[in-house]
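The values are calculated or read from the model by the stated rules, or taken from the named source; none is laboratory data. Bear in mind that the values here come from a model prediction, so they are computed numbers and not experimental data. Neighbour counts are summed over all protein chains in view; Cβ atoms, including those assigned to glycine, are modelled from backbone coordinates with ideal geometry.
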């Protein structure tokens, strides 16, 4: 074992700067009267998204009792929405979250996520608040905005609403040869990650994603009458920093989406895990009209402190855990 692995992965000076940034974030929300909350890290339910793998842990009442599976949260979203449905008002949290298999220059299996919810906001008004916070922490003052449709037209010359699945595949293979049988969203995701994101310079918001990529967002119609997801993402120099929604409040639709995720996981031969029925019940109790966003704090600090590796902005990265 490397004798130096006891040492922090970030310098003490960087950790002092990190501490100041966390204070500034809390001050930002305190000024806006957004309440800080602290929801559990452990849950009886896992994330349903086929492309996020939850970490499973075992709980026993005592050493000889039955083992119960629990899951480390990949986001505090579900529990925070239960608070919203109970009448919490606007809330935020800086939470430790966990995702299996995510490790690299921009990823660590355990990382810090900032998530907040604003009553009466839609995704466009929340974009303004995200820009305000990012500007305070990083000094970035210029933000571009493109709809998902517009960014595909700008960089690839594709109309996502009329292009066939075969055309999407052909365009992808003009840039990078890809083997595999993907559905329409699969090709769109590959085109976005491999062909568009690397060309995004500076801070860029992308909004009005395809309705099929709504996740936990509402579906609406854009100015041309196309069905789109009321969600956005913020990229800075091609790196995804934040993902926000005008939140879905329909409990029946939420359950349908969870069940579709489980069917997709089965088709991909991924583990079947329990989805959060308590969230469905919370929505049935009436989640207030709100918009929410998740932002990667460690990536935000990478930008603010001009660091190339996520390990450089956290006390101990995964190799030193």
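Of everything in the stretch 37-59 that is surrounded by fewer than 13 Cβ atoms within 10 Å (Cβ to Cβ) and in contact (Cβ under 8 Å) with a residue 12 or more places away in the chain, the residue that is farthest from the chain's Cα centre (by Cα) is 59. Filtered by the rule that a residue be buried (at least 22 other Cβ atoms within 10 Å of the Cβ) and either at pLDDT below 95 or in a loop (DSSP other than H, G, I, E, B) (or both), the stretch 288-316 gives a lone residue, 314. Residues in the stretch 12-27 that are in contact (Cβ under 8 Å) with a residue 40 or more places away in the chain and out of contact with any strand residue (DSSP E or B) (no Cβ under 9 Å at 6 or more places or on another chain): 14, 15, 17, 18, 21, 24. Residue check: residue 69 meets all listed conditions (1) surrounded by fewer than 16 Cβ atoms within 10 Å (Cβ to Cβ); (2) more than 16 Å from the chain's Cα centre (by Cα); (3) at pLDDT 95 or above; (4) not in a loop (DSSP other than H, G, I, E, B) but one, namely (3). Filtered by the rule that a residue be under 30 Å from residue 125 (Cβ atoms) and either in contact (Cβ under 8 Å) with a residue 40 or more places away in the chain or more than 22 Å from the chain's Cα centre (by Cα) (or both), the stretch 158-190 gives 158, 159, 160, 161.
Only a single item in (1) out of contact with any helix residue (DSSP H, G or I) (no Cβ under 8 Å at 6 or more places or on another chain); (2) part of a helix (DSSP H, G or I); (3) loosely packed, with under 15 Cβ neighbours inside 10 Å is not met by residue 186, and it is number (3).
Go through the stretch 127-180 residue by residue and tally those that are on the phi > 0 side of the Ramachandran plot and touching a strand residue (DSSP E or B) at 6+ places or on another chain (Cβ under 8 Å).
Of the residues in the stretch 127-180, 0 are on the phi > 0 side of the Ramachandran plot and touching a strand residue (DSSP E or B) at 6+ places or on another chain (Cβ under 8 Å).
Evaluate the following for residue 118: is it in contact (Cβ under 8 Å) with a residue 60 or more places away in the chain and surrounded by fewer than 19 Cβ atoms within 10 Å (Cβ to Cβ)? When the stated conditions are applied, residue 118 does not pass them.
Being under 21 Å from residue 244 (Cα atoms) and out of contact with any helix residue (DSSP H, G or I) (no Cβ under 7 Å at 6 or more places or on another chain) is true for just one of 57, 37, 47. Which residue is that?
Being under 21 Å from residue 244 (Cα atoms) and out of contact with any helix residue (DSSP H, G or I) (no Cβ under 7 Å at 6 or more places or on another chain) holds for just one of 57, 37, 47, which is 47.
Within the span defined as the stretch 26-39, one or more residues are assigned to a strand (DSSP E or B) and either over 29 Å from residue 270 (Cα atoms) or at pLDDT 95 or above (or both). Among the residues making up the stretch 212-254, a single one is part of a helix (DSSP H, G or I) and within 24 Å of residue 143 (Cα to Cα): 213.
Of all residue pairs spaced 6 or more apart or on separate chains, none has beta-carbon atoms under 8 Å together with a first member in the stretch 60-73 that is at positive phi and a second member that is modelled with pLDDT of 95 or more and exposed (fewer than 12 other Cβ atoms within 10 Å of the Cβ). Within the stretch 117-132, one or more residues are modelled with pLDDT of 95 or more, assigned to a strand (DSSP E or B), within 18 Å of residue 243 (Cβ to Cβ) and touching a helix residue (DSSP H, G or I) at 6+ places or on another chain (Cβ under 9 Å). When the criteria are applied in full, residue 257 meets the requirement of being under 19 Å from the mean Cα position of the chain (by Cα), assigned to a helix (DSSP H, G or I) and over 25 Å from residue 105 (Cβ atoms).
Among 155, 205, 143, 232, which is without any contact (Cβ under 8 Å) to a residue 60 or more places away in the chain, within 30 Å of residue 298 (Cβ to Cβ) and touching a helix residue (DSSP H, G or I) at 6+ places or on another chain (Cβ under 6 Å)? Outline the logic, then answer.
Values: 205 fails: without any contact (Cβ under 8 Å) to a residue 60 or more places away in the chain; 143 fails: without any contact (Cβ under 8 Å) to a residue 60 or more places away in the chain; 232 fails: without any contact (Cβ under 8 Å) to a residue 60 or more places away in the chain.
Being without any contact (Cβ under 8 Å) to a residue 60 or more places away in the chain, within 30 Å of residue 298 (Cβ to Cβ) and touching a helix residue (DSSP H, G or I) at 6+ places or on another chain (Cβ under 6 Å) holds for just one of 155, 205, 143, 232, which is 155.
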